[in-house]
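Below: the structure, in structure tokens.
The values are calculated or read from the model by the stated rules, or taken from the named source; none is laboratory data. Since the structure is predicted, the reported quantities are computational estimates derived from the model, not experimental observations. With ideal geometry, Cβ positions are generated from the backbone for all residues, glycine too; neighbour counts draw on all protein chains shown.
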């Protein structure tokens, strides 16, 4: 299923010029929730998610470059400290060089570790939020009963934020779906039953048929 998701995403969003790892990342994250029945819906609504992941990749590369610069600056400062100590007169009491270096490294690394931990948590929370929303809003029942969908999503997000935004994508989607099921049940809707489409929708997803549809709409060039 993961490969099918990846191929469909690459086919649909080829013009965005995204990195291979972005498609791989999104497909891996989505395979748990995506089925043959909702694959088309997921792919159609995945552009924002793909761009978000691309921004994460770009940001990560910038952060790596910044970290290297900080490490180089630290090495320079340590070298200057060693040179300064070497010039001190032998009769003078010298500080413990090993201790000085250890303290300098700790002072430089600790803020960086804290910053990276915060970035990792924020990134993880954002990924979970976007993936859960894409899958929940892509549910056929959710697309039909939009008022209940929005109420359920807002309530689930509120609970997640109140607990420190620690829910995984699956947990957040499940929480929202639970609220949604309760709301639509008041209208006699049973989401455990297969959704009855008002159209003829295809049950099995065929990438070749999907390609023809995209070619016909002009979203991708026709394959020679």
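Observations
- Scanning region 11-22 for residues that are at pLDDT 80 or above, assigned to a helix (DSSP H, G or I) and under 21 Å from residue 133 (Cα atoms) gives a single hit, 12.
- Residue count for region 155-183 satisfying the condition of being closer than 22 Å to residue 34 by Cα and part of a helix (DSSP H, G or I): 15.
Listed here are the residues, each with its yes/no results for (1) closer than 30 Å to residue 172 by Cβ; (2) surrounded by 12 or more Cβ atoms within 10 Å (Cβ to Cβ); (3) under 32 Å from the mean Cα position of the chain (by Cα); (4) modelled with pLDDT under 65.
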site: 46; (1), (2), (3), (4): yes, yes, yes, no
site: 76; (1), (2), (3), (4): no, no, no, no
site: 89; (1), (2), (3), (4): no, no, no, yes
site: 96; (1), (2), (3), (4): no, no, no, no
site: 107; (1), (2), (3), (4): no, no, yes, no
site: 137; (1), (2), (3), (4): yes, yes, yes, no
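- The residues listed here are 143, 133; of these, the one that is within 20 Å of residue 49 (Cβ to Cβ), over 17 Å from the mean Cα position of the chain (by Cα) and surrounded by fewer than 21 Cβ atoms within 10 Å (Cβ to Cβ) is 143.
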